[in-house]
Amino acid sequence: MGDAPRTGLGFDVHRFAVGRELRLGGVRFDGDGLAGHSDGDVVCHAIADALLGAAALGDVGQHFPDTDPAVEGIAGPTLLAQTVDILGAAGLVPVSCDATVICERPAIAPRRDEIRERLAAALGIEIARVSVKATRPEGLGLTGDGIGCLAVAVVA
């Protein structure tokens, strides 16, 4: 089952929430955080969904439901590491991932390598297999008053 690479797509978006910490890819940024049952880390959530999709194992909401008090406030990298455990139980491992953060703020590029390091550690893969990019929606309202992330992951 784990021989042929499999690809999955993930997407997540959360609105800004005053008084919460902003974490993207496990890295703390200045400014308002994102609403959610967990820490609202859209980068980790999108990658987790991509991994689960590649493995045909459902989605983040199925494995980490917002009705479960045990996952309230769960950190994005912890959620990713637990997703890797779910993959492992199915005989699969992450091979690579590519994430595009969609936001007007904050600037992602200055912290890109720090995000890649955190993601690689959570996924148990080398940093060379983790890509993080960003794009601004240029005021088009693609993410409302929040941040989104689109991710692709390969598992084998």
*Of the listed peptides 29-40, 9-20, what is their order by residue-averaged count of other C-beta atoms within 10 Å, with the highest listed first?*
29-40, 9-20
*asked:* How many angstrom lie between the Cα centre of segment 27-78 and the Cα centre of segment 107-156?
replied: 14
*Given a cut-off of under 8 Å on Cα pairs at least six residues apart, what relative contact order in percent is computed for segment 1-111?*
27
*Which value, in Å², gives the accessible area per residue of the chain when a 1.4 Å probe is used on the protein heavy atoms?*
47
*Within segment 90-120, report the GluC sites (Glu not before Pro) that DSSP leaves as loop and that have at most 12 other Cβ atoms within 10 Å.*
none
_Place a point 7 Å from the Cα of R129 along the Cα-to-Cβ direction; which residues of segment 1-30 have their backbone N under 12 Å from it?_
5-6
*Quick one: putting +1 on the C-beta of Lys and Arg, -1 on the C-beta of Asp and Glu, what dipole do you get for the chain around its Cα centre, in Debye to the nearest 20?*
360
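Roughly what % of Cα-Cα distances in segment 72-149 sit above 18 Å, to the whole percent?
On the way: 1482 of 3003 pairs.
For segment 72-149, the share of Cα pairs beyond 18 Å comes to 49 percent.
The values are calculated or read from the model by the stated rules, or taken from the named source; none is laboratory data. All values reported here derive from a predicted model rather than from experimental measurement. With ideal geometry, Cβ positions are generated from the backbone for all residues, glycine too; neighbour counts draw on all protein chains shown. Surface areas here come from the heavy atoms of the whole protein model, side chains and all, with no ligands, DNA or RNA. Shrake-Rupley method; radii C 1.70, N 1.55, O 1.52, S 1.80 Å.
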